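J.: Pasting a structure below so you can have a look.
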Amino acid sequence: MSEAAVAEVESPCQGELDFERLYRSSRDDVYAYAAGLLRDRAAAEDVTAAAFERAYRKRSRFDAERGSARAWLFGIARNAALDELRRRGRQAELSADPVDTASLPDSDAQRSELRLLLDGALGKLEAREHELIALKFFAGLSNAEIARVIGTSASNVGTKLHRTMDKLREACDGAL
Amino acid sequence: MERSRDHDEIATALAEARPAPRQAFVQELDQRAAAGFPRRPRRDGSPLAGFAAWIRGLPPRRLLFAGGTTALAAIAVATVVIASNDPNSQRVQIALDHPIPTEVSGLGRASDSAAVHSSEAESSVEYTHSRESSKAEGLANLARSREIERSAEIGLLADPADITDDSAKVFAAVHDANGIVLHSTTSSGKGGGARFELLIPSARLGDALAAFSSIDEVRSRHEATDDITKPTVTASEELRDSQARVDSLLAQLSTAEVESEREAIAAELHAERGHAARLRNQLARLHQRTAYSRVLVRIQGGNSTESGGAWGVSDAFGDAGHILGIAAGVTLVGLAVIAPLALLFLLAWLAQRLWLRGRRERALDA
């Protein structure tokens with residue numbers, strides 16, 4: 001999502017939340033985050049729908065001074081996803097529905113191989129690291145937004161992301 | 001693929017591996033978004049859970065407005081209920097509806113019995129002395145052997161224009177009861193009133209008080225009893241002794257032969273007869289005190305709520321103050337009850353939030 005689009009969602013009309021615009025700009029990101037975290041497309045769809053439903057009901061409570069609209073939305077989506085995780089006890093089954101590499105263009109053999117390696121490496125990450133990856137690369141949040149969503153500092157998010165990327169790289173290199 | 005991957009390469013691969021939603025799901029979600037995300041049936045199906053979700057979904061302003069409206073309605077209802085059950089209002093209403101019953105009014109057997117236990121037993125129009133009839137009768141039987149002096153005071157509120165008529169009704173009631181008007185004053189017009197000091201045969205005191213109470217609005221009623229058995233018995237015994245002494249002196253006088261002795265006995269007899277006369281008077285006064293009850297009837301001119309007199313601004317202020325006082329009291333009591341509950345609710349809510357957050361985080365650690 002572009003910076004301009006984010007700004008439009010955050011202050012469309014004198015600080016009020018333009019929910020329609022937020023929905024349009026974040027729908028796929030929320031789904032990607034949920035699917036990346038849960039690794040279950042059906043559950044991701046449920047969580048995405050529940051997240052937008054909850055956000056719509058609570059839209060009047062959005063406070064722009066406390067963070068961006070996307071951070072607020074992903075906070076709600078995260079709660080819905082964790083509720084789903086908690087309810088279904090699916091944490092141990094994260095490898096059940098891996099990243100869909102088949103849906104991606106496979107013209108580049110090297111990239112295709114990397115994706116397969118990444119898929120295996122993602123399965124070895126801890127859930128919190130997996131969530132960071134989902135928020136950063138699937139949902140496209142900034143470090144500050146991720147910090148807002150998971151309740152930590154942006155620098156801490158940066159540090160953890162760096163370590164997680166190192167783990168992914170080592171896992172990919174080790175698999176070669 | 002022997003070289004080490006760098007972060008950019010991995011990031012690019014991750015971005016490319018980003019899951020995309022199914023088109024069917026996107027369409028369905030778009031439709032739900034267009035419809036304002038109508039509620040889906042809940043999995044647990046609990047009505048309470050649905051209600052809680054609905055409450056949670058309300059905007060804070062609407063929630064505050066709804067809460068404030070509910071609180072105001074509760075205060076209004078409680079104020080109306082309390083005002084309608086106000087003892088003062090009820091007391092006036094009783095006076096309006098019926099003359100106060102004799103048994104309840106205090107000079108019946110119940111108050112007689114009260115006198116047995118205290119030299120000065122008082123009762124008021126608030127009916128604090130109403131008892132079970134069997135108990136009252138038992139005590140009344142005991143009281144019949146005693147000498148009880150009774151007194152009563154009734155305050156009536158009358159429209160200034162009715163004072164003269166009400167005074168006439170008082171006289172009529174006294175006449176009907178074979179009572180005696182000791183003293184009376186009547187002044188008519190604005191600020192006027194009347195005052196009657198009466199002696200009413202104790203046996204008819206209840207009827208008389210009922211008659212006075214029915215004349216106009218009763219504002220106050222006070223009754224008292226005084227047990228004068230002891231002085232009555234003492235006076236009777238002293239009189240009997242004195243009479244015996246007189247008889248004895250008469251016998252001595254009839255047998256006395258010496259003039260000086262006759263004169264001494266005659267002097268003593270004269271003194272004893274005087275003493276006996278005083279005792280008889282004293283005893284008669286005591287008997288009169290029990291046979292007749294002192295009653296003070298006061299009629300005060302003013303706007304009567306009973307007669308539907310002109311209800312003015314001052315009455316409105318008075319009523320408004322009364323209602324506001326009750327409302328303030330209700331609010332204060334409500335706050336005293338609600339504040340601790342609200343604090344507990346807040347603490348429970350915070351605890352629940354912390355617990356839920358902890359459980360969510362643990363879902364990631366599992």
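J.: Return the pairs, sorted by first residue and then second, in which the second residue is modelled with pLDDT of 75 or more and among the basic types (Lys, Arg), the first residue lies in the range A:11-27 and is buried (at least 19 other Cβ atoms within 10 Å of the Cβ), the beta carbons are less than 7 Å apart, and the residues are 6+ apart or on different chains.
T.: Partner pairs satisfying both residue conditions: A:LEU17/A:ARG59; A:PHE19/A:ARG59; A:SER26/A:ARG70.
J.: Out of B:ASP315, B:ASP365, B:ASP319, I need the residue that is closer than 30 Å to A:GLU131 by Cα and of a type in the set (Asp, Glu). Which one?
T.: B:ASP365
J.: Which residue, of B:GLY179, B:GLY192, B:GLY206, is under 46 Å from the mean Cα position of the chain (by Cα) and more than 21 Å from B:HIS287 (Cβ to Cβ)?
T.: B:GLY192
J.: Considering (1) within 11 Å of chain B (Cβ to nearest Cβ); (2) in contact (Cβ under 8 Å) with a residue 24 or more places away in the chain; (3) under 26 Å from A:ARG27 (Cβ atoms); (4) out of contact with any Asp or Glu (no Cβ under 7 Å at 6 or more places or on another chain), say which one A:ARG148 fails and leave the rest.
T.: (1)
J.: B:ARG61: modelled with pLDDT under 80, under 30 Å from B:GLN352 (Cα atoms), outside any loop (DSSP other than H, G, I, E, B) and at the interface with another protein chain (Cβ under 10 Å from one of its Cβ atoms), yes or no?
T.: Values: modelled with pLDDT under 80: yes; under 30 Å from B:GLN352 (Cα atoms): yes; outside any loop (DSSP other than H, G, I, E, B): yes; at the interface with another protein chain (Cβ under 10 Å from one of its Cβ atoms): yes.
Taking the combined requirement at face value, the residue satisfies it.
J.: For a quick check of your reading of the model, give me the residue pairs whose first member lies in the range B:343-366 and is within 8 Å of chain A (Cβ to nearest Cβ), whose second is among the polar types (S, T, N, Q), with beta-carbon atoms closer than 7 Å and at least 6 apart or on different chains.
T.: Qualifying pairs under 7 Å: B:ARG360/A:ASN79; B:ALA363/A:GLN91; B:ALA366/A:GLN91.
J.: Still on this structure, I have one more. Any chance you could count how many residues in the range A:28-43 are of a type in the set (A, V, I, L, M), without any contact (Cβ under 8 Å) to a residue 24 or more places away in the chain and within 9 Å of chain B (Cβ to nearest Cβ)?
T.: In the first step, residues of the range A:28-43 are kept if they are of a type in the set (A, V, I, L, M); the result is A:30, A:32, A:34-35, A:37-38, A:42-43.
Then keep just the ones that are without any contact (Cβ under 8 Å) to a residue 24 or more places away in the chain; that gives A:42.
Next cut, within 9 Å of chain B (Cβ to nearest Cβ) only: none.
The total comes to 0.
J.: Right, something else. Got a number for residues in the range A:44-59 being more than 9 Å from chain B (Cβ to nearest Cβ) and crowded, with 24+ Cβ neighbours inside 10 Å?
T.: Within the range A:44-59, residues that are more than 9 Å from chain B (Cβ to nearest Cβ) and crowded, with 24+ Cβ neighbours inside 10 Å number 2.
J.: Is the range B:315-329 home to any residue that is aromatic (Phe, Trp, Tyr), assigned to a helix (DSSP H, G or I) and under 30 Å from A:LEU38 (Cβ atoms)? So that I can check it myself, show each step before the final result.
T.: First, pick out the residues of the range B:315-329 that are aromatic (Phe, Trp, Tyr): B:317.
Retained after the next criterion (residues that are assigned to a helix (DSSP H, G or I)): B:317.
Right, trim to under 30 Å from A:LEU38 (Cβ atoms) and you get none.
No, the range B:315-329 contains no residue that is aromatic (Phe, Trp, Tyr), assigned to a helix (DSSP H, G or I) and under 30 Å from A:LEU38 (Cβ atoms).
J.: Check the range B:261-269 and report whether any residue there is of a type outside the set (S, T, N, Q), surrounded by 15 or more Cβ atoms within 10 Å (Cβ to Cβ) and within 29 Å of B:ARG146 (Cα to Cα).
T.: no
J.: If a residue must be at pLDDT below 90 and small (Gly, Ala, Ser), how many such residues does the range A:149-176 contain?
T.: 4
J.: Quick one: A:ARG41 ticks every box in (1) at pLDDT below 80; (2) surrounded by 16 or more Cβ atoms within 10 Å (Cβ to Cβ); (3) over 26 Å from A:THR152 (Cα atoms) except a single one, so which number is it?
T.: (1)
J.: Right, something else. State yes or no: is B:GLU263 more than 51 Å from the chain's Cα centre (by Cα) and not in a helix (DSSP H, G or I)?
T.: The answer is no for B:GLU263.
J.: Name the residues in the range A:120-176 that are crowded, with 19+ Cβ neighbours inside 10 Å and hydroxyl-bearing (Ser, Thr, Tyr), would you?
T.: Of everything in the range A:120-176, just one residue is crowded, with 19+ Cβ neighbours inside 10 Å and hydroxyl-bearing (Ser, Thr, Tyr), namely A:THR164.
J.: Looking for something more than 9 Å from chain B (Cβ to nearest Cβ), over 14 Å from B:ILE10 (Cα atoms) and assigned to a helix (DSSP H, G or I) - is there at least one such residue anywhere in the range A:159-171?
T.: There is at least one residue in the range A:159-171 that is more than 9 Å from chain B (Cβ to nearest Cβ), over 14 Å from B:ILE10 (Cα atoms) and assigned to a helix (DSSP H, G or I).
J.: Every residue in the range A:68-127 that is under 30 Å from A:ALA144 (Cβ atoms), among the polar types (S, T, N, Q) and at pLDDT below 60, please.
T.: Of everything in the range A:68-127, just one residue is under 30 Å from A:ALA144 (Cβ atoms), among the polar types (S, T, N, Q) and at pLDDT below 60, namely A:GLN91.
J.: Looking at (1) farther than 22 Å from A:ALA154 by Cα; (2) at the interface with chain B (Cβ under 8 Å from one of its Cβ atoms), can you tell me which one A:ASN79 breaks?
T.: Of the numbered conditions (1) farther than 22 Å from A:ALA154 by Cα; (2) at the interface with chain B (Cβ under 8 Å from one of its Cβ atoms), the odd one out for A:ASN79 is (1).
J.: Considering only the range B:183-212, how many residues are in contact with a Leu (Cβ under 8 Å, 6 or more places away or on another chain), surrounded by fewer than 22 Cβ atoms within 10 Å (Cβ to Cβ) and under 25 Å from B:GLY301 (Cβ atoms)?
T.: Count: 2.
J.: Same structure again: Checking the conditions here, which among B:ILE154, B:ILE200, B:ILE163 is part of a helix (DSSP H, G or I) and either touching a Ser or Thr at 6+ places or on another chain (Cβ under 8 Å) or at pLDDT 90 or above (or both)?
T.: Numbers: B:ILE154 fails: part of a helix (DSSP H, G or I); B:ILE200 fails: part of a helix (DSSP H, G or I).
B:ILE163 is the lone residue from the list that is part of a helix (DSSP H, G or I) and either touching a Ser or Thr at 6+ places or on another chain (Cβ under 8 Å) or at pLDDT 90 or above (or both).
J.: In the range B:12-25, which residue that is within 7 Å of chain A (Cβ to nearest Cβ) and out of contact with any helix residue (DSSP H, G or I) (no Cβ under 6 Å at 6 or more places or on another chain) is modelled with the lowest pLDDT? Show your work before the answer.
T.: Of the residues in the range B:12-25, the ones within 7 Å of chain A (Cβ to nearest Cβ) are B:13-21, B:25.
Filter once more, so that each one left must be out of contact with any helix residue (DSSP H, G or I) (no Cβ under 6 Å at 6 or more places or on another chain): B:16, B:20.
Values: B:GLU16: 81, B:ALA20: 90.
Here the residue is B:GLU16.
Here is a yes/no grid of residues against (1) of a type outside the set (Gly, Ala, Ser); (2) in a strand (DSSP E or B); (3) touching a residue at least 12 places away in the same chain (Cβ under 8 Å):
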site	(1), (2), (3)
B:VAL218	yes, yes, yes
B:HIS222	yes, yes, yes
B:THR225	yes, yes, yes
B:THR234	yes, no, no
B:LEU239	yes, no, yes
B:ALA244	no, no, no
B:LEU250	yes, no, yes
B:LEU253	yes, no, yes
B:GLU257	yes, no, no
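The values are calculated or read from the model by the stated rules, or taken from the named source; none is laboratory data. All figures in this text were calculated on a predicted structure; none of them were measured in a lab. Note that we place each Cβ from the backbone using ideal geometry, even for glycine, and neighbour counts take in every protein chain shown.
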